[in-house]
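Rule-based calculations on the coordinates, nothing more; no lab input. Keep in mind the model is a prediction, meaning the values are calculated, not measured. Reconstructed Cβ throughout: ideal geometry from the backbone, glycine too, with neighbour counts over all protein chains shown.
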Amino acid sequence: NFDNEPNWLRGLNPPQREAVLTTEGPVLMLAGAGTGKTAALTARLANIIYTRKAWPSEILAVTFTNKAAREMRERIGKMIGDAVEGMPWLGTFHSIGAKMLRRHAELVGLESNFTIIDTSDQLRLLKQLIQAENLDEKRWPAKLLASLIDKWKNKGLMPEDINAGESEAYANGKGQLLYQIYQARLKTLNACDFGDLLLLNLKLMRENRDILEQYQERFKYMLVDEYQDTNAVQYLWLRLLAQRRKNICVVGDDDQSIYSWRGAEVTNILRFEKDFPGAKTVKLEQNYRSTRHILGAASGLINANSDRLGKTLWTEIDGGEPVKILGVWDGPEEARRVGEEIEALAHKGHDLNDAAILVRAQFQTREFEDRFIQIGLNYRIIGGARFYERAEIRDAIAYLRIINQPADDLAFERIVNTPKRGIGGKALEKIHIFARALQSPLYTAAAELCQSDEMSGKAKKSLADLCKNIARWRDEAGQISPSELTRMVMDECGYTDMLQADRSAESTGRLENLTELTRAMEDYETLGDFLEHVSLVMDNDNAASDRSVTIMTIHAAKGLEFKNLFLVGWEEGVFPSQRAMDEGGLASLEEERRLAYVAITRARENCTIFHAANRRIYGQWTSSIPSRFIDELPDEHIEMQQSNAGGASLWRANWSENEDPFKHLSAANATRAGARGPGWQRAALASNNASDNKSYSPASSGSGGTLRDSDFYRPL
Ligand code: ATP
Ligand code: MG
């Protein structure tokens, strides 16, 4: 009889209850998509707080995105009311890491107001260091060094931990040295990068026993969602913190491990029981999210992976349509069709907020954006980074950064001559030399330099004005709101004038973006708070206010669910990505398949998969063939449809029945696909094979039309 039970337990099934009520000792919830892992984790948090086992400030709870943290906070609020106030340690690894590091910054050689630099600042800095070492940047690109350093940081390695073999990967063994120089340089800038947020934390805990013990004592309970995607440094940090009380609950799904390219190690979840002997393992098998067809399609697909624990999943949600597979002629038609389907849903009274388009790589969003703008369909791109990456936004933020933190040299360099004020390369060089001599930040050096006789003329006056302005804006920052400050700065520094003078359509958009920026800032009380937010917006925050359809990468959609789901670009070379097909071998393909599994399992009621027969990739038209993942979906759960335009069928006549159209697939799959034999698959293939029947490479039929790695690497 559950009549009198607390509301956070209501509706939970027996294993979920077990996970909620087993508060003491390590708990592992290992279960498939949509089985209520996150729901149970949330209830567990509510239970701990409500039963006074710990104060909210004594719980460490890690979510994968800021959005997920917000949602969790809201849900707990609904369950137990105000008691949720002040859960300072609920957030992403990055946000928790940043907060903790600020408290003890001096112990790792930083000040508490340190800047978190982003990827492009990181690259700029590395470029300078590479040049200073007299290395050929063409041969040893900054990007390569950045990815190595990230990799080391994800593994929890400080410069002194890099062995000769690892170091060899960059500039004949200079990798370690450059890593070391980079870290030292960051310190003098009072800055750190994303990797440092955890790495320096780990160092802090390892080197300061008293502080470690303080946190081990404080965190009576620890909870981690999406544990399968933690990397080594996150894992080591969690394990250290949990060592004393061992009340740690982690949840995850090995089939949804999709971040190995960012250093995530699925073995972390597999060895949890070894790390924490006596851990209670809870299995959840009922899926509450998806219809039978959707779950059946997803399960059939993931079955093709060899490297998995394997688990049972079932659902009681009957009815619904099979997963629709729609072949279209090209990218624009795909966007048109998706637009039509969404409009049709809207006419039937569906909520646009409950529809999403998931892409494999960022570049795929543009086609949909163009189309939706054209037809006036509201959409939002989840992944604030896109907005904050726009040049004018980055300029504005650089101004705010230098106002907030005078040692922020990267910000200073960005704005010193933007808008143009006659401070050219020569002047900047002088500032650099002066700063080195004084051992001071660029801004401080500039402020002194422009008082001296070292400079003259326009540069001197402009620089003096700029430095004076920055000092004045810094005073203002304490008096007025961040958004007022931004308006003031952009007006007074000449940026607004610059954009207004430029009458192109583009500059209108830029002014609107700046307005949007000040709008976004209205939620923040201090400049520091806002800048902290900006540093972390790589997590998906930029929601539109209206009802709108969501466009995002599959990576960013992890943990979310949508009633109506559109999966686009399911073609060989797009999904699975060309990179996974070319170099990765089986492991990469299996990760791509897990990604496909994550994609399908986001759908509650309707799931439509699109593939186009032709794509324009970096200006080249190439013909494509449907993804092998389409072919791996069980027949009984899918329904094939042809596009109205019927594009692909043009080639059907040329196709000879005796040829094997699926030589790129495994033999077993080929038979099934061949038996299915709809015109669209063969047709698309035929266009490719017309010139070369033996080998097939989807992106190579045009010359040079391959996708770049980076297109697949960053989730929105
Ligand atoms: P993913 O692996 O995708 O992160 P998950 O295991 O975290 O999925 P949740 O997002 O927690 O699953 O839950 C999926 C859906 O099922 C949600 O809509 C949730 O509200 C619902 N749900 C969870 N548990 C129950 C339950 N016991 N009864 C009814 N609905 C439930
Ligand atoms: Mg979840």
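For the reader, a short list of remarks on this structure follows.
- Alpha-carbon centroid distance for the pair region 239-304 / region 50-120, whole angstrom: 22
- Counting only residues at least eight positions apart within a chain, or on another chain, the lysines with an alpha carbon under 20 Å from that of LYS461 are LYS420, LYS426, LYS430.
- Exposure proxy order (Cβ contacts within 10 Å, fewest to most) of SER306, SER257, SER167: SER306, SER167, SER257
- Neighbourhood charge, 12 Å Cβ-Cβ cut-off, centred on GLU476 and excluding it, Lys, Arg +1 and Asp, Glu -1: 0
- Paired Rg and Dmax values of region 133-227, which use every Cα atom, in angstrom: 16.1, 52
- Reciprocal of mean inverse Cα separation for region 312-468 (Kirkwood radius, Å): 20.5
- Here region 435-480 is treated as a Stokes sphere of Kirkwood radius computed over C-alpha pairs; at 20 °C and 1.002 mPa s its diffusion coefficient rounds to 190 µm²/s.
- Taking a quarter of the surface of the Cα convex hull of region 133-176 gives a mean projected area of 2.9 nm².
- Bins of 10 Å from zero: percent of alpha-carbon pairs in region 159-288: 11, 31, 33, 19, 5, 0
- An ellipsoid equivalent to region 14-158, defined through the eigenvalues of its Cα gyration tensor, has semi-axes of 40, 19, 13 Å when rounded to whole angstrom and sorted largest first.
- For HIS611, HIS347, order by how many other beta-carbon atoms lie within 10 Å, fewest first: HIS347, HIS611
- Charging the Cβ of each Asp and Glu at -1 and of each Lys and Arg at +1, and nothing else, the dipole of region 155-222 about its Cα centre rounds to 140 debye.
- Near ILE397: Cβ cut-off under 10 Å, other residues only, Lys/Arg at +1 and Asp/Glu at -1. The net charge is 0.
- Sum of side-chain charges, ALA437 neighbourhood, beta-carbon under 14 Å (Lys, Arg +1; Asp, Glu -1): -1
- Taking other C-beta atoms within 10 angstrom as a stand-in for reagent exposure, SER57, SER147 fall in the order SER57, SER147, fewest first.
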